[in-house]
Amino acid sequence: MLPINMNQPNAEVPYGMLDLMVLKTLAALGPLHGYGIARRIEQVAQGSLALNQGTIYPALLRLGQKGWLKSDWGMSENNRRARFYSITATGRRHLSA
Amino acid sequence: MPTIRSRLLDIVFRGRRDRRLADEVQSHLEFLSDEFMANGMSPAEAHLAARKSFGGVDQMKALYREQRGLPFIDSISQDVRHAVRGLRRTPTFTVISVVILALAIGANVGVVSLLNALLVRELAVREPSSLVQVAFASAGETDGPLTYTMFQELSARQQVFFAVLGWTGASVRDVEIDGTTASAAVFSATGNWFAELGVRPALGRLLIENDMSLAPLSTERVAVIGYRFWQRHLLGDPAVVGRTIRINGVALTMSALLSVVIPVCDWRLSRMSQSHSQRSRSLTTCL
């Protein structure tokens, strides 16, 4: 059990790991909103990761700033308006590298 | 580079982006609540569980803000706001400080402007860099004036300068206008003075060559009035041209008004000897 608390601001927090997981999720599942990405990461980690779901947003911001993903408004399954994130070509290139 | 651009944009659109994040967080929490309620929790429990699953919202927002925008500028603006609030709370101190600072800054600006006008800035005349001073060097002084005869010789025979202007040093004289006396700084100049310097009058006509002629004697002695003198002693009279001014008892007709203050009382220009100033037919006031 490896609880990674992303709320700690510095050093030993593996930002890179969360970013990578987000990218992989988007590459595999296509455009998703924040909640969907977080849920999926939790599922895939299968309990070896105690994720504070909110920490996904700084990660999404980072990735957006690097140009590895873009975002747009969309409709969720239960007709709720949400922001959907999708991976960009640059992001895909980074993943395969 | 894209990151920096994004951060700068974030500063500009801060309000909008803050709202967007808040909306997203709210939406995310609602998704979580829905999920927990679907699993059988009551709305209150689901709400709590959602918050727990999400983690600390404010901490996340702080992290987010750090990532976004330029934290340097953010912290500065925060400090500025805090300082302003503090200053508002102690109005007396603030007012006194502002007054002292204003006085000090004003004094400095005044001194620098004065130095600038006197020493650094160019003369407000045409082609100031083409002006040179011709002086008389003798054993006693190297910067002496020329006599009128010297000046005439120079004008007639020199082949170097485009034009030769002459003037006497300014001195303060008693002037009288319609019975009222005042003091003014006065100097004489050659007829080509204003023409060569490219100065235009606001009213009337400036000196011309003929004003200096001794044969035939020019019938009218003319004076050119400076702007500030006009405002102060002539009360800005628009009909000033044609009125009489007495300088040291000698009557002259005021022929023109200068629109700008030109620092003609300047040691940088050629001078005629003082003793011949009475000979000259034109008189100028300068301010």
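The values are calculated or read from the model by the stated rules, or taken from the named source; none is laboratory data. It should be emphasised that the depicted structure is a prediction, and the values quoted were computed from it without experimental measurement. So basically every Cβ, Gly included, is an ideal-geometry build from the backbone, and we count neighbours across all protein chains shown. Quick note on the areas: whole protein, heavy atoms, side chains included, nothing else; ligands and nucleic acids left out. Shrake-Rupley method; radii C 1.70, N 1.55, O 1.52, S 1.80 Å.
Brief remarks follow.
- Filtering the stretch A:74-91 for residues that are small (Gly, Ala, Ser), on the phi > 0 side of the Ramachandran plot and modelled with pLDDT under 90 leaves an empty set.
- Every residue from the stretch A:78-97 that is without any contact (Cβ under 8 Å) to a residue 12 or more places away in the chain and either among the small types (Gly, Ala, Ser) or more than 10 Å from every other protein chain (Cβ to nearest Cβ) (or both): A:Asn79, A:Ala89, A:Arg93, A:Ser96, A:Ala97
- Residue satisfying condition, being within 26 Å of B:Ala189 (Cα to Cα), open to solvent by 100 Å² or more (accessible area, probe 1.4 Å) and touching a Pro at 6+ places or on another chain (Cβ under 9 Å), within set B:Leu114, B:Leu118: B:Leu118
- Qualifying position, being farther than 16 Å from B:Ile225 by Cα, open to solvent by 40 Å² or more (accessible area, probe 1.4 Å) and without any contact (Cβ under 8 Å) to a residue 60 or more places away in the chain, among B:Thr149, B:Thr181: B:Thr149
- Filtered residues of the stretch A:29-54 (kept if open to solvent by 20 Å² or more (accessible area, probe 1.4 Å), part of a loop (DSSP other than H, G, I, E, B) and either among the hydrophobic types (A, V, I, L, M, F, W, C) or touching a Cys at 6+ places or on another chain (Cβ under 7 Å) (or both)): A:Ala50
- Strands (runs of 3 or more DSSP E) within the stretch B:155-257 that include 2 or more residues modelled with pLDDT of 80 or more: B:171-177, B:180-187, B:222-225, B:244-247
- Check on A:Gln65, in a helix (DSSP H, G or I) and surrounded by fewer than 16 Cβ atoms within 10 Å (Cβ to Cβ): no
- Check on B:Glu24, of a type in the set (D, E, K, R), surrounded by fewer than 17 Cβ atoms within 10 Å (Cβ to Cβ) and either assigned to a helix (DSSP H, G or I) or more than 9 Å from every other protein chain (Cβ to nearest Cβ) (or both): no
- Conditions (1) more than 43 Å from the chain's Cα centre (by Cα); (2) within 12 Å of chain A (Cβ to nearest Cβ); number of the one not met by B:Pro43: (2)
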